[in-house]
Structures are given as C-alpha cells and as structure tokens.
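Structure first, commentary second.
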Amino acid sequence: MGQVGLFWFTNDLRIDNNAALNRAAREVDKLICFASVPPAGNALAINQPGQLSANRMQFLLESLEDLNHSLGAYDQHLIVSNDSSINAIAQLITQHNISQVYGTGITGVYESRQWQIMTKRYPMIGFHQVGDNRIFDPASLPFQTENLPDSFSKFRRIVENLEIKPTVPKPNFLPPSPAQPQPWPAQLQQFQRSTTALFAGGETAASAHLHNYFRSGLASTYKQTRNGLDGMDYSTKFSPWLANGCLSPGQIIGDLRQYEQQVESNDSTYWIYFELLWREYFQYYADKHTARLFAFSGISKRRPTTSFYPQRFKKWCAGSTPYPIVNACMKQLNSTGYMSNRGRQLVASCLVHELGLDWRYGAAYMEQQLIDYDMASNWGNWQYLAGVGADPRGHRQFNLAKQTQTYDPDGLFIERWQGNNADSTLDYTDAADWPVASQ
Ligand SMILES: Cc1cc2nc3c(=O)[nH]c(=O)nc-3n(C[C@H](O)[C@H](O)[C@H](O)COP(=O)(O)OP(=O)(O)OC[C@H]3O[C@@H](n4cnc5c(N)ncnc54)[C@H](O)[C@@H]3O)c2cc1C
C-alpha cells in the first residue's frame, strides 16, 4: 500500500497558490483533505480561542463550502470536524494509516502549538509545514525574527524592494481520498445564514473581487479614499479573504504590479503595497513576541492605567457610549462583521482613553466579531493603539469630535448606523458613588 497523506487546512482555504497542497499532491498516493471548525460556543480550532460571531461563522462556512466544491473538480472532498483538530486528526491517523501530514505555515504561538503537539505525539509520521501566507520568503529577509526592527518604518525601508515570493499554480491533480465523504457537523448544516452579508466567503468570491477591484480603477485613488468609514469602494476590502487564506498577499501584489504596468502606477498603488507591508510586519511581530502579544503591558515595560468597568465595556460593545461616531462604528461591526481601518482606530482609542478599559477586552471582542480577524494584525494594532506596542510615539489618542468633523462632516455615517441613538451617560452611581445599573 502507498503513502497516505492528510492535508490540514487552517487559514489557507484555497487551492491556487497553495505550495503545501502542491507538495502533498506530488508526494502521497492517497490524500485526506481536512479542516476543523470550532464547536459552538467553545474553543476555536482554526485560529484562536474564543467564540465566533454569526458573521464570522458564515464567512468561514462559505469558505469551506467553496473549497469543498473546488476539491470536487479533483474528485476530492473536504472532511470537516467540530471536534478539536488534534482529536479529529488522531482518529483519521488511526483509521487510515496516515504517514504524512501537510499544512501551510501558520502565525501564532497557540496555533503553532497544536502542530507541535501532533509532531511530538506521532514521531513516526512526517509533518510538513510548507510556505505561509506572507509576502516574502523568510529566508530572503536580511534579519532573523528576534532582530525584527522595533518600528514599522525601519522594517519597511529594509524590505520594500526585496523580491516577493513567487506564486505557485493550482495542482494539476490531487491523489484520491481513502475516506468516504462524511456529513458536516450539525452545527454547520443547521447554521442560520444571513441573506444580507456584505462579503461572500471562499476562494471563488476572492478571485472575482480581486479581478473586479483592479478592473474598477479604484486602485488609482486608494490613498485619497482609504480613510472612509462606509461603503465598498473606499478601500480594497481584501482583508476577509486574506485572513481566511482564500487569497494570498502574493496574488494581490501580482495583480497590483500588472495594474501598475498596464494602467497606472502612482502614490495610491504604492500605498496598497505599503498597507500590505503593515500586515507583513505584524506577522513577524507575532513570531518575535509570541505570547507577549496578549500581555497587558504588551512588548513594553509599562502597564497602562485602567480599571474594570463592566458596564462601560458592555456599552462599548453594543454601541451605546456617549460618543456617536464610536457607536456607529460598533453597530456597523456588530451588524456586518467589518469596520473600516479609521473606525477601528477610533473605537480602540475610545476604549483605551475615554473609557479607561483594558485594551485586551477590545481586542478579544474584535477577535469574535471581525470576519477579517487576523491574530497578528488584530493584537498588533491593538497594542500599537494602547501604547504598549510598536508605536515609537507610544501614546495615540484620537480627538473623537475632530475626527467626526473630518470623516463624517454631514453626520451621514452616524445617522445610517444610529450612533446618536444611545445613552449619553457613561456611568451611573448611587448617592454614595457606588456604580449601579442604568435602570
Ligand atoms: C484596532 C485594530 C484592529 C485590527 N484588526 C485587524 C484584523 O483582525 N485583521 C486585519 O486584517 N486587519 C486588522 N486591522 C487593520 C485594518 O484595519 C484592516 O486590515 C483593514 O481595515 C481591512 O480593510 P481593507 O482590506 O479594505 O484594507 P485596505 O485599506 O484596503 O488595506 C489593504 C490591506 O492591507 C492590510 N492592512 C491595511 N491596514 C493594516 C493595518 N493597520 N495593519 C495590518 N494590516 C493592514 C490588510 O491586509 C488590508 O486588506 C486592525 C486595525 C486596527 C486599528
């Protein structure tokens, strides 16, 4: 009997430009394609611990369905479990005598730990992590992870002219699966879908969006429009697909370079690359700082001054603070699973400065809600805004009134998302100054 392999899909839910899948296709005779989703309300296996919002779950489910559909063209199918990845893979190893396991390199100390546990538990099995979802080949970087520059600007100057990693084509062929298709977990089958989602998950939708974005000409004005708050056109909207690996940064940069050659190369097209470099920076930042990404003092020695105000946090999450712009952004997030970059900066600044809360609550809430949740970008940006991360200035408070005037001068965004429809009191106290519930 030949070699049986297992391909463990995580945040690489695509067939094109998937170096690990190509390698598995070449090396084994039979192949099981596997992914796990978090059990409802329990540990999250694909990315991070936590609970997924309905928006995030829908995007993930659609991405898995699309992948399964594309695998069908290779006479393959996706096995999906909502047991922990480790338990589910252990069962498949025993049932199918698997000798090789493949996956794409994944960022994150806890995500990598799962892979390490498997490698230790099964020393007789070959474990292969091939490629990653980054722009550059780590081997081509002129520094080791531990010497990552402490600011984005220094990093950018070092890397921006390096060659990007070449993309790899879709495999011509995939080995057949030794396992029969299985029904997907009931939690997925019974999932109540929203019909008003902003984004459709999956590689097919990602490729269509990539194509349409560059065909639309919007790339030529990105730098002027990128700070918008609402709508599909002011920024690229690549992030949900990037975060789930339905699209890789290399594919985006390939199309960007083509646009620059065939249509126009200007400040705006450069700025799309510049922003993708921010994403890249945070991936290395997560490699370097491992669990400190989740520490209250971040990578600094300073512990922010905060207190525990559960009511304030609840108000922030629900979009019912005394700050209309923040409320509008939070309601947009709760309703769609997406928020603009400008909005994320404002709500994070408000949580840290106006509300005096521990920044990690905000980061954890976004982890639950964002359909583009990316461990490194989310926690890295939050640290930056909380003044405990890679910001050389160390402290950044946005003036919410001024920001509202600049970015929502006519109040249309606030009106659309009912940001004014809120309680203008932040804290309720009794006569002796003890906190009490609002009613
Ligand atoms: C508090 C906070 C939390 C964030 N959490 C996430 C997250 O979980 N996932 C995520 O992908 N981005 C996160 N970002 C970064 C940024 O807000 C989003 O990447 C961006 O809004 C996504 O929309 P877009 O694709 O239209 O971005 P565009 O403006 O079109 O940018 C193009 C791409 O560049 C990258 N990018 C842009 N800005 C940043 C940035 N500041 N940091 C890292 N990468 C960037 C993204 O991959 C994005 O898709 C966060 C920012 C803040 C301030």
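The values are calculated or read from the model by the stated rules, or taken from the named source; none is laboratory data. Everything numeric here is computed off the predicted structure, so don't read it as measured data. All Cβ positions, glycine included, derive from the backbone under ideal geometry; neighbour counts span all protein chains shown.
Kindly indicate whether any position in segment 96-103 is within 20 Å of A24 (Cβ to Cβ), outside the structural domain of L61 (by TED's automatic domain parsing) and either surrounded by 14 or more Cβ atoms within 10 Å (Cβ to Cβ) or among the aliphatic types (A, V, I, L, M) (or both).
Step one: filter segment 96-103 for residues within 20 Å of A24 (Cβ to Cβ), giving 96-103.
Now restrict to residues that are outside the structural domain of L61 (by TED's automatic domain parsing): none.
No, segment 96-103 contains no residue that is within 20 Å of A24 (Cβ to Cβ), outside the structural domain of L61 (by TED's automatic domain parsing) and either surrounded by 14 or more Cβ atoms within 10 Å (Cβ to Cβ) or among the aliphatic types (A, V, I, L, M) (or both).
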Scanning segment 132-164 residue by residue, those among the β-branched types (V, I, T) and farther than 25 Å from L13 by Cα turn out to be T145, I158, V159
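Residues of segment 256-269 being more than 21 Å from D372 (Cα to Cα) and either surrounded by 15 or more Cβ atoms within 10 Å (Cβ to Cβ) or among the acidic types (D, E) (or both), which ones? Steps first, please.
Restricting attention to segment 256-269, the residues satisfying the condition of being more than 21 Å from D372 (Cα to Cα) are 257-269.
Y259, E260, E264, S265, D267, S268, T269 - these are the residues of segment 256-269 that are more than 21 Å from D372 (Cα to Cα) and either surrounded by 15 or more Cβ atoms within 10 Å (Cβ to Cβ) or among the acidic types (D, E) (or both).
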Contact list please: Cβ distance under 6 Å, first residue in segment 208-237 and farther than 21 Å from L412 by Cα, second residue charged (D, E, K, R) and within 11 Å of the ligand (Cβ to nearest atom), pairs at least six apart or on different chains.
L218/D233
Consider segment 340-361. How many of its residues are among the basic types (K, R) and near the ligand (Cβ under 9 Å from one of its atoms)?
2
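Report whether or not A348 is assigned to a helix (DSSP H, G or I), touching a Gly at 6+ places or on another chain (Cβ under 7 Å), within 19 Å of N227 (Cβ to Cβ) and not assigned by TED's automatic domain parsing to the domain that holds N227.
Numbers: assigned to a helix (DSSP H, G or I): yes; touching a Gly at 6+ places or on another chain (Cβ under 7 Å): yes; within 19 Å of N227 (Cβ to Cβ): yes; not assigned by TED's automatic domain parsing to the domain that holds N227: yes.
Yes; evaluated as a whole, the condition is true for this residue.
Being outside any loop (DSSP other than H, G, I, E, B), more than 10 Å from the ligand (Cβ to nearest atom) and under 18 Å from A291 (Cβ atoms) is the filter here, so list the residues in segment 362-399 that pass it.
Filtering segment 362-399 down to residues outside any loop (DSSP other than H, G, I, E, B) leaves 362-369, 375-386.
Now drop any that are not more than 10 Å from the ligand (Cβ to nearest atom), which leaves 364-365, 368.
Answer for segment 362-399, where residues must be outside any loop (DSSP other than H, G, I, E, B), more than 10 Å from the ligand (Cβ to nearest atom) and under 18 Å from A291 (Cβ atoms): just A364.
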Restricting attention to segment 270-279, and to residues there that are of a type outside the set (A, V, I, L, M, F, W, C) and under 25 Å from Q368 (Cβ atoms), which single residue is farthest from the chain's Cα centre (by Cα)?
E275
So, in segment 123-162, of the ones that are part of a loop (DSSP other than H, G, I, E, B) and aliphatic (A, V, I, L, M), which residue ends up surrounded by the most Cβ atoms within 10 Å (Cβ to Cβ)?
I135
Every residue from segment 58-95 that is among the aliphatic types (A, V, I, L, M), touching a helix residue (DSSP H, G or I) at 6+ places or on another chain (Cβ under 8 Å) and either surrounded by fewer than 19 Cβ atoms within 10 Å (Cβ to Cβ) or without any contact (Cβ under 8 Å) to a residue 40 or more places away in the chain (or both):
I86, A90
